[in-house]
Amino acid sequence: MLKRIEAGVLDVAYEETGDPSGWPAVLLHGFPYDIHSYDEVAPHLAAQGARVIVPYLRGYGPTRFLSAATPRSGEQAALGQDLLDLLDALGIESAVLGGYDWGGRAACIVAALWPQRARGLVSVNGYNIQDIARSGEPASPEAEFRYWYQYYFHGERGRKGLERNRRELCRLLWRLWSPEWRFDDATWERSAGSFDNPDFVDVVIQSYRHRFALAEGDPAVAEVERRLAAQPPITVPAITLDGDADGVMPPGGTAHHASRFTGRHEHRVVSPGIGHNLPQEAPEAFAEAMLTVRDWAGR
């Protein structure tokens, strides 16, 4: 059931499934996707007694800013603060958090900075907290070419391209990032409307500029950003996942992030042919990881 709640600076639209008194599980989508990434994960968890919350992130779907004066920031600190505010608004003391891409970043941030609010964590692509101070250091050529869209967004040509061609561009990213996922038109259309949010372009552009220190952040979350600059470890029980055909990540995945997880941790590669939108492409694997982390943390 789609619900709404005021949380921090947002009027958050979210899907809730399962027993309202069940163990809390919060699932967070990435760019350019939406809550439908979890259409098959959520009922699986609900069947295991979970209260499943799947919010639209800032700039997506029906979620809206409460004030025109709030900066339309997509920076990592804002995403983490949004998740913390949502937990507060819903009265959830601690939840099993799961996410990928932007949503995985929000989940990693809450797990790192407010571990008492995260019973456990499932993160696609490992430790998702950005090291902005080192963002000017070149990556391998293999990685750099996969990040072309980020560099495109650094200029006004990219902003205009996203504004004018958002559906064509986002569908292209779906194909490039999940080359073996044969999604149909109906699957695409269920999510594509989320990118018509009036703040989508501003939030996306600010996100991809801020992470390279090319845009100012929101002063309201400056302290959170300062804490993230220390690259804090994640101490809660965690499983990290990589798809074996993820078109964003360079070959080799994120197994080397293991040192960032100082609690119980396991890294898994999901195959065959699983791309960047892992919860939608491999829902059973994602749901099983959530249940395992739940069990590690204790029922």
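The values are calculated or read from the model by the stated rules, or taken from the named source; none is laboratory data. All of these numbers come straight from a predicted model, not from anything done at the bench. Cβ coordinates were reconstructed from backbone atoms using ideal geometry, including for glycine residues, and neighbour counts include every protein chain displayed. Areas reflect the complete protein model, heavy atoms only, side chains present, ligands, DNA and RNA absent. Shrake-Rupley method; radii C 1.70, N 1.55, O 1.52, S 1.80 Å.
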So which trypsin sites (Lys or Arg not before Pro) in segment 108-184 end up in coil per DSSP with only 11 or fewer other C-beta atoms within 10 Å? 182
Whole Å is fine, so just give me how far the alpha carbon centre of segment 249-288 lies from that of segment 31-70. 20 Å
Report relative contact order for segment 1-117 in percent, whole number only (criteria: Cα-Cα under 8 Å, sequence separation at least 6). 33 percent
Accessible surface, the chain, averaged per residue in Å² (probe 1.4 Å): 40 Å²
Of the chymotrypsin sites (Phe, Trp or Tyr not before Pro) in segment 41-79, those whose Cβ has at most 16 other Cβ within 10 Å and which sit in DSSP loop: none
Beyond 23 Å, how much of the Cα-Cα pair distribution for the chain remains, as a whole percent? 51 percent
Mind checking the log10 I(q)/I(0) for segment 36-182 at q = 0.18 Å⁻¹? Debye, one equal scatterer per Cα, no solvent, two decimals. -1.38
Quick one: what are the phi-derived ³J(HN,Hα) couplings along segment 135-148, Karplus 6.51/-1.76/1.60 with θ = phi - 60°, whole Hz, x for glycine and proline? 5, x, 7, x, 8, 5, x, 4, 6, 4, 5, 6, 9, 3
Please give the residues of segment 192-211, grouped as numeric ranges, whose backbone N is less than 15 Å from a label point set 7 Å along the Cα-to-Cβ vector of residue 152. 201, 204-205, 208-209
Give me the percent of accessible area attributable to carbon and sulfur for segment 149-244, probe 1.4 angstrom. 49 percent
Accessible area of residue 185 in the full protein assembly, 1.4 Å probe (Å², nearest 10): 100 Å²
Starting from the Kirkwood radius over alpha-carbon pairs of segment 90-163, derive D by Stokes-Einstein at 20 °C in a medium of 1.002 mPa s and give it in µm² s⁻¹. 148 µm²/s
Restricting attention to segment 210-293, which GluC sites (Glu not before Pro) occupy a DSSP loop and are surrounded by at most 16 other Cβ atoms within 10 Å? 216
Rounded to the nearest whole number, the Stokes-Einstein translational diffusion coefficient of segment 176-299 at 20 °C and 1.002 mPa s (Kirkwood radius, C-alpha pairs) in µm²/s is 124 µm²/s
